[in-house]
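Working notes, beginning with the structure itself.
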Amino acid sequence: MLVYHRGYSNGIDIGKTLIPKEILNTPGRLTLEEYEQIKLHAVYGAQALAQVKALHEISLAVRHHHERFDGSGYPDGLRGMEIPLMARIIAVCDAYDAMTNDRPYRRAVSHHRALQEILGEAGGQFDPDLAAAFAALLSGEHSSTD
Ligand SMILES: [Fe+2]
């Protein structure tokens, strides 16, 4: 799976403003070099927010929102509880947002499918407790036809 998104989401990915739009909106597969450029958005966003002392904690959440619970994420390869809580929460929410909205390179999936994907990555991409809590919280918020 899963989430690996390039489009603009609804808020936190301010670092994407520094990534060329042609790369973010590429409909096909990215080259390795393009993907490496996209990965920098987490660092760029954190650097921008770190300019404001009161946003230090938020800058860490932005820097680490693409870390994976299993340690295979970026930019620092943190794993498990090394990843700040806020970043682990953002990772789940961001993935849901990315999956349930159309992107230039793929169509949105249903609410139900997105929750299945998130639960499927519990302990891999996501903190398993947070993935379960997120799914439980959002279960029943949509009709069974989703
Ligand atoms: Fe991101």
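The values are calculated or read from the model by the stated rules, or taken from the named source; none is laboratory data. This is a predicted model, so every value here is computed, not measured. Cβ sites come from the backbone with ideal geometry, for glycine too, and all protein chains shown count toward neighbours.
Details
- Residue list for segment 24-46, filter: among the hydroxyl-bearing types (Ser, Thr, Tyr) and assigned to a helix (DSSP H, G or I): Tyr35, Tyr44
- Positions within segment 61-77 being of a type outside the set (Phe, Trp, Tyr), under 18 Å from Ala95 (Cα atoms) and within 15 Å of the ligand (Cβ to nearest atom), in sequence order: Ala61, Val62, Arg63, His64, His65, His66, Glu67, Arg68, Gly73, Pro75
- Across segment 11-48, the number of residues qualifying as modelled with pLDDT under 85, within 11 Å of the ligand (Cβ to nearest atom) and of a type outside the set (A, V, I, L, M, F, W, C) comes to 2.
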